[in-house]
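**Student:** Here's a structure for you.
The values are calculated or read from the model by the stated rules, or taken from the named source; none is laboratory data. Small disclaimer: the values here were computed from a predicted structure and weren't measured. As a convention, Cβ positions derive from the backbone with ideal geometry for all residues, glycine included, and neighbour counts pool all protein chains shown. The accessibility values were calculated without ligands, DNA or RNA, using every heavy atom of the protein model including side chains. Shrake-Rupley method; radii C 1.70, N 1.55, O 1.52, S 1.80 Å.
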Amino acid sequence: MRKKIIILNGSPRKTGNTTALTAEFKKGVKEAGNTITEFFLDDMNINGCKGCFGGGKNPDSPCVQKDDMGKIYPVYKKADIVVLATPLYYWTISEQLKTAFDRLFAVCL
């Protein structure tokens with residue numbers, strides 16, 4: 001069964017180790033006949049979650065904020081697998097990934 005996979009790449013460096021790892025992963029995914037979409041979060045305009053609980057009411061526009069998360073939401077909702085790719089900074093995920101991941105709250109309501 002073919003899978004739809006989304007990668008949220010939280011590295012600020014497009015040529016860094018995280019991207020090297022996702023490139024190898026994507027090769028295997030494509031060879032197996034699956035589809036994959038990768039988002040380089042550092043290149044996107046994504047605001048932090050406001051915790052307003054205003055999202056989740058409109059499936060076509062899950063969050064009250066209108067930024068680049070609008071590109072991620074439809075792919076995320078259709079995905080069978082979500083890959084979170086990030087370097088570790090101070091023993092935790094990057095700010096880019098944390099911000100995007102928090103905003104996925106709007107589609108989980």
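**Student:** Take the residue pairs K57/K98; K50/K77; K14/K50; K4/K30; K4/K27; K27/K98 and return only those whose Cα atoms are more than 19 Å apart.
**Tutor:** Too far apart for the 19 Å limit: K57/K98; K50/K77; K14/K50; K27/K98.
**Student:** How large is the accessible surface per residue of region 13-109, computed with a 1.4 Å probe and reported in Å² as a whole number?
**Tutor:** 64 Å²
**Student:** Here's something else I'd like to know. Mind listing the long-range amide H neighbours of E38? Cut-off is under 5 Å, sequence gap 5 or more, other chains count too, H placed in the peptide plane at 1.01 Å from N.
**Tutor:** Answer set, sorted by chain and number: I7.
**Student:** Magnitude of the Cβ-charge dipole of region 1-45, K/R +1 and D/E -1, about the Cα centre, nearest 20 debye?
**Tutor:** Here region 1-45 has a charge dipole of around 200 debye.
**Student:** Taking the structure as given and computing P(r) over Cα pairs in 5 Å bins from 0, in percent, which label from (1) 2, 12, 22, 22, 20, 13, 7, 2, 0; (2) 2, 11, 19, 21, 19, 15, 8, 4, 1; (3) 2, 11, 22, 26, 21, 11, 5, 2, 0 fits?
**Tutor:** (1)
**Student:** Using only Cα atoms, find the angle between the long axis of helix 17-31 and the longest principal axis of the chain, and express it within 0 to 90 degrees, rounded to the nearest 10.
**Tutor:** 80 degrees
**Student:** Hey, another quick one. Just the number, please: carbon plus sulfur as a percent of the accessible area of region 1-100, 1.4 Å probe, no ligands or DNA/RNA counted.
**Tutor:** Result for region 1-100: 55 percent of the exposed heavy-atom area is carbon or sulfur.
**Student:** How much accessible surface area, in Å² rounded to 10, belongs to the heavy atoms of K50 with a 1.4 Å probe?
**Tutor:** Its accessible surface works out to 140 Å², give or take rounding.
**Student:** Continuing with the same structure: How big is the charge dipole of the chain about its Cα centre, in debye rounded to the nearest 20, if each Lys and Arg gets +1 on its Cβ and each Asp and Glu gets -1 on its Cβ?
**Tutor:** Here the size comes out at about 280 debye.
**Student:** Let me ask something else. Using 7 Å Cα-to-Cβ label points, what is the A32/M1 separation (nm, one decimal)?
**Tutor:** Placing both labels 7 Å along Cα→Cβ, they lie 1.3 nm apart.
**Student:** Straight-line reach from K71: which aspartates and glutamates fall under 20 Å, measuring Cα to Cα and dropping same-chain residues less than 8 apart?
**Tutor:** E38, D42, D43, D60, D80, E95, D102
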